[in-house]
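Asker: This is the structure I want to talk about, given as structure tokens.
The values are calculated or read from the model by the stated rules, or taken from the named source; none is laboratory data. Please read all numbers here as calculations on a predicted model, not as lab measurements. Methodologically, a virtual Cβ is constructed for each residue, glycine included, from the backbone with ideal geometry; neighbour enumeration extends over all protein chains shown. Ligands, DNA and RNA are stripped out before the accessible areas are found, and what is left, the full protein with its side chains, is counted by its heavy atoms. Shrake-Rupley method; radii C 1.70, N 1.55, O 1.52, S 1.80 Å.
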Amino acid sequence: MLIIPDKIKQYLPDEGYRLDQIGMSDSSVLLFRDRILKVQKNTKEAENEYRMMEWLHDRLPVPKVYARELQDNMSFLLMSKCPGEMACAEKYMSNPVLQTELLAQGLKSLWKTNISGCPSDQRLRFKLEEARFNVEHNLVDVENTEPGTFGENGFADPQALLSWLYENQPEEEPVLSHGDFCMPNLFFDDGEIHFIDLGRAGIADKWCDIALCYRSLTHNYDGSYGGRSYPGADANLLFQKLGLAPDWEKIRYYILLDELF
């Protein structure tokens, strides 16, 4: 049974709520009419999400934090509800040109943000150490990875992948990174992009977000996440909207890195 701290209760509206069933995180998300309560273990990511939301509140469209409380090693984060619809809503899935235009706009808004004073550094020298921790403590879910990452034609195990990642680090182009730039974490509202789930946000290579966005588009278009497929929709539209040629080596690298989280 979920016991909500009194400090949080005083900010909760006197109404019912429903549980969010979308996404792949281990948190519980309670949806109220105009606010959201996110409950999760008090991990490094939970701490970073709160810190980054506070830092970004006057820099980018992110939820407003009403209160945060720790109880029994659990983090209770109460925040405002983002307006608009998820980037993977049907109105955008059925219009890939508009969808990729808005996704590109969201990426560019991150890159334009001044990273001076950013409280979170997610560059590889730190990220790989977190990946090492996950590998050494058997926290990698090898069943929830891309086909081919592990097995006969892939890496033997997470340790082998970690070694490869250390040996093949690309040169980084540091920008403000969302860290999990997947469509359920982005809301579109009349042309404005709102960002949620900021536990991995911080300074990182711009291609980290591009890679995860490309993967999210690909799997949403081909129906891998259990929804309908969209034949003819092409994730490569993203590069056209960004005005960038795809760096496939970096895209592969950051998708592989994400397998260890």
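Asker: About its Cα centre, what dipole magnitude does region 107-252 give when the only charges are +1 on Lys and Arg Cβ and -1 on Asp and Glu Cβ, stated in debye to the nearest 20? List each step's numbers first, then the result.
Answerer: On the way: 13 positive and 24 negative charges, 72 e Å.
Dipole size: approximately 340 debye.
Asker: How much length is gained on full extension from H137 to A245, taking 0.36 nm per residue of separation minus their Cα-Cα distance?
Answerer: Answer, rounded to one decimal: 35.1 nm.
Asker: Using a 1.4 Å probe and counting only protein heavy atoms, arrange Y166, Y221 so the residue with the most accessible area comes first. Working shown, then result.
Answerer: Details: Y166 65, Y221 10 Å².
Result, largest first: Y166, Y221.
Asker: Right, here's the next one. Over the heavy atoms of T113, what accessible area does a 1.4 Å probe trace out, to the nearest 10 Å²?
Answerer: 20
Asker: Quick one: work out the % antiparallel among DSSP beta bridges in the chain, nearest 5.
Answerer: Of the beta bridges lying entirely in the chain, close to 95 percent run antiparallel.
Asker: Still on this model: Classify region 1-77 from the C-alpha gyration tensor, please: rounded if a/c falls under 1.5, else prolate or oblate depending on whether a/b exceeds b/c.
Answerer: Rounded.
Asker: Let me ask something additional. How big is the dipole moment of region 1-128 about its Cα centre under a simple scheme where the beta carbon of each Lys and Arg is +1, that of each Asp and Glu is -1, and everything else is neutral? Debye, nearest 20, please.
Answerer: Numbers: 19 positive and 17 negative charges, 81 e Å.
About 380 debye.
Asker: Tell me the label-point distance for the pair D72, D6, using the 7 Å Cα-to-Cβ offset, in nm and rounded to one decimal.
Answerer: 1.7
Asker: Tell me, how many Å apart are the Cα centres for region 179-242 and for region 81-151?
Answerer: Cα centres, region 179-242 to region 81-151: 7 Å.
Asker: Next question, about the same structure. What number, rounded to the nearest 500 deg cm²/dmol, is the helix-based mean residue ellipticity at 222 nm of the chain, given -39500 (n - 2.57) per DSSP H run of at least four residues and division by all its residues?
Answerer: -11000 deg cm²/dmol
Asker: Rounded, prolate or oblate, given the Cα gyration tensor of region 1-145, with a/c below 1.5 counting as rounded?
Answerer: In terms of gyration-tensor shape, rounded.
Asker: At a threshold of 8 angstrom on Cα-Cα distance, excluding pairs fewer than six apart, so keeping six or more, what relative contact order does the chain reach in percent?
Answerer: 21
Asker: Answer with a single label: of (1) 53, 43, 39; (2) 80, 34, 31; (3) 72, 57, 35, which was calculated as Cα extents along the principal axes in Å from the structure in view?
Answerer: Entry (1).
Asker: Rounded to the nearest 20 debye, what is the charge dipole size of the chain about its Cα centre when +1 sits on each Lys and Arg Cβ and -1 on each Asp and Glu Cβ?
Answerer: 680
Asker: Along the positive direction of the dipole of the chain (beta-carbon charges: Lys, Arg +1; Asp, Glu -1; about the Cα centre), which of W55, L124, G243 reaches farthest?
Answerer: W55
Asker: Compute the accessible area per residue over region 82-230, keeping the other protein chains in place, probe 1.4 Å, unit Å².
Answerer: Working: 6870 Å² over 149 residues.
Heavy-atom SASA per residue in region 82-230 reads 46 Å².
Asker: Please state the shape class of region 101-206: rounded when a/c is under 1.5, otherwise prolate if a/b exceeds b/c and oblate if not, all from the C-alpha gyration tensor. Mind showing how you got there, number by number?
Answerer: Details: a/c = 2.31, a/b = 1.64, b/c = 1.41.
Prolate is the answer for region 101-206, as a/c is 1.5 or above and a/b outweighs b/c.
Asker: Could you tell me which residue out of N153, A89, F32 lies farthest along the dipole of the chain toward its positive end? Charges go on the beta carbon: Lys and Arg +1, Asp and Glu -1, centred on the Cα centre.
Answerer: Result: F32.
Asker: Give me the percent of accessible area attributable to carbon and sulfur for the chain, probe 1.4 angstrom.
Answerer: Roughly 47 percent, rounded to a whole number.
Asker: Would you look at the GNM of the chain, springs on alpha carbons closer than 10 Å, and say which of D72, D247, D180 moves the most?
Answerer: In the Gaussian network model the winner is D72.
Asker: Which of the peptides 181-191, 59-69, 135-145 is most tightly packed, and how do the rest follow, judged by the mean count of other Cβ atoms within 10 Å per residue?
Answerer: 181-191, 59-69, 135-145
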